[in-house]
Amino acid sequence: MSHARTIVAEPLTREAFAPFGEVIDTGGADSFPINQGRTERFHALATVELLGKDAQGILSIFRGQPLSPLKITLMERHPLGSQAFVPMNNGAFLAVVAPPGEFDESLVRVFLAGGNQGLSYRAGTWHAPLLPLDPNSDYLVVDRQGAGNNCDEITLAGPITPVLPSN
């Protein structure tokens, strides 16, 4: 049975996103000076999870396009490692997520990430594919490569339409 839903995007905060991963943002982060005081280091904003045989952490750049119409029909998860997205050209994006474990559509949440925020999905967290709001949005992506299947996908019973909050 197909059923469509709309979900209003929540602001991306450390507390709200904690069940799904970590927010990569300087606001409220621990920091200290380095390089003879010329640089402020915002330390350990997220961890990298690497599970399984011969796992390696890798850096990639993803160039994403907005989804039009904005209807989510697919969710995925990476059971063997975290996956982090840091916007490189200050573009806002949406994070559509559900907790790890057996997928439960009723637990899907939508977060609006500002162009100055990144995020790291915990290993096994269900999420929609990349959802930039602007064309040609580049993201530095930190994730895992190595042996084993690290991508599970599920088709939703009905589309989810994220709704941007009204100001």
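Can you tell me which of (1) within 12 Å of the chain's Cα centre (by Cα); (2) free of Cβ contacts under 8 Å to residues at least 60 places away in the same chain is the one M88 doesn't meet?
Among (1) within 12 Å of the chain's Cα centre (by Cα); (2) free of Cβ contacts under 8 Å to residues at least 60 places away in the same chain, M88 violates only (1).
Name, by its number, the condition in (1) at negative phi; (2) in contact with a Ser or Thr (Cβ under 8 Å, 6 or more places away or on another chain) that does not hold for F32.
(2)
Mind counting the residues in region 128-138 that are in a strand (DSSP E or B) and either farther than 12 Å from Q65 by Cβ or aliphatic (A, V, I, L, M) (or both)?
Summing the residues that are in a strand (DSSP E or B) and either farther than 12 Å from Q65 by Cβ or aliphatic (A, V, I, L, M) (or both) in region 128-138 gives 1.
For the structure I just gave you, tell me whether L133 is open to solvent by 30 Å² or more (accessible area, probe 1.4 Å), out of contact with any Ser or Thr (no Cβ under 9 Å at 6 or more places or on another chain) and without any contact (Cβ under 8 Å) to a residue 60 or more places away in the chain. Outline the logic, then answer.
Working: open to solvent by 30 Å² or more (accessible area, probe 1.4 Å): yes; out of contact with any Ser or Thr (no Cβ under 9 Å at 6 or more places or on another chain): yes; without any contact (Cβ under 8 Å) to a residue 60 or more places away in the chain: no.
Considered against the rule, which asks whether it is open to solvent by 30 Å² or more (accessible area, probe 1.4 Å), out of contact with any Ser or Thr (no Cβ under 9 Å at 6 or more places or on another chain) and without any contact (Cβ under 8 Å) to a residue 60 or more places away in the chain, L133 comes out as no.
Which of the residues belonging to region 106-127 are outside any strand (DSSP E or B) and touching a Pro at 6+ places or on another chain (Cβ under 9 Å)?
The answer is L107, G114, G115, N116, Q117, R122, A123, G124, T125.
Going by what's in this entry, would A29 be described as touching a Leu at 6+ places or on another chain (Cβ under 8 Å), farther than 23 Å from I154 by Cβ and in a loop (DSSP other than H, G, I, E, B)?
In short, yes.
Among what's in region 35-60 and is assigned to a loop (DSSP other than H, G, I, E, B) and of a type in the set (D, E), pick the residue that is least open to solvent (accessible area, probe 1.4 Å). Walk me through it before giving the result.
Quick first cut of region 35-60, residues assigned to a loop (DSSP other than H, G, I, E, B) only: 35-38, 43-49, 51-55.
Among the residues that remain, those that are also of a type in the set (D, E) are: 49, 54.
Numbers: E49: 59, D54: 107 Å².
Applying the filter and picking the extreme gives E49.
If the Cβ limit is 7 Å and pairs must be 6+ apart or interchain, which residue in region 36-52 that is within 30 Å of N149 (Cα to Cα) pairs with which residue that is of a type in the set (K, R) and open to solvent by 80 Å² or more (accessible area, probe 1.4 Å)?
Taking only residues 6 or more apart or on different chains, the pairs are E49/R122.
Starting from residues that are farther than 22 Å from L164 by Cβ and assigned to a loop (DSSP other than H, G, I, E, B), keep the ones in region 61-102 and report whichever is most open to solvent (accessible area, probe 1.4 Å).
Within region 61-102, the match that is most open to solvent (accessible area, probe 1.4 Å) is E102.
Restricting attention to region 23-34, report how many residues are open to solvent by less than 70 Å² (accessible area, probe 1.4 Å), closer than 22 Å to Y121 by Cα and touching a Phe, Trp or Tyr at 6+ places or on another chain (Cβ under 8 Å).
Number of matching residues: 2.
How about region 103-120: which of its residues are over 22 Å from T6 (Cβ atoms) and open to solvent by 10 Å² or more (accessible area, probe 1.4 Å)?
G115, N116, Q117
Quick check: is even one residue across region 142-152 touching a helix residue (DSSP H, G or I) at 6+ places or on another chain (Cβ under 9 Å), surrounded by 14 or more Cβ atoms within 10 Å (Cβ to Cβ), touching a residue at least 40 places away in the same chain (Cβ under 8 Å) and more than 18 Å from V86 (Cβ to Cβ)?
No, because not a single residue in region 142-152 is touching a helix residue (DSSP H, G or I) at 6+ places or on another chain (Cβ under 9 Å), surrounded by 14 or more Cβ atoms within 10 Å (Cβ to Cβ), touching a residue at least 40 places away in the same chain (Cβ under 8 Å) and more than 18 Å from V86 (Cβ to Cβ).
Among all residue pairs at least 6 apart or on different chains, which show Cβ distances below 9 Å where the first residue, located in region 102-113, is among the aromatic types (F, W, Y) and the second is in a loop (DSSP other than H, G, I, E, B) and loosely packed, with under 15 Cβ neighbours inside 10 Å?
So the pair list comes out as F111/T13.
The values are calculated or read from the model by the stated rules, or taken from the named source; none is laboratory data. Since we're looking at a predicted model, the values are computed, not measured. We place every Cβ from the backbone using ideal geometry, glycine too, and count neighbours over all the protein chains shown. The accessibility values were calculated without ligands, DNA or RNA, using every heavy atom of the protein model including side chains. Shrake-Rupley method; radii C 1.70, N 1.55, O 1.52, S 1.80 Å.
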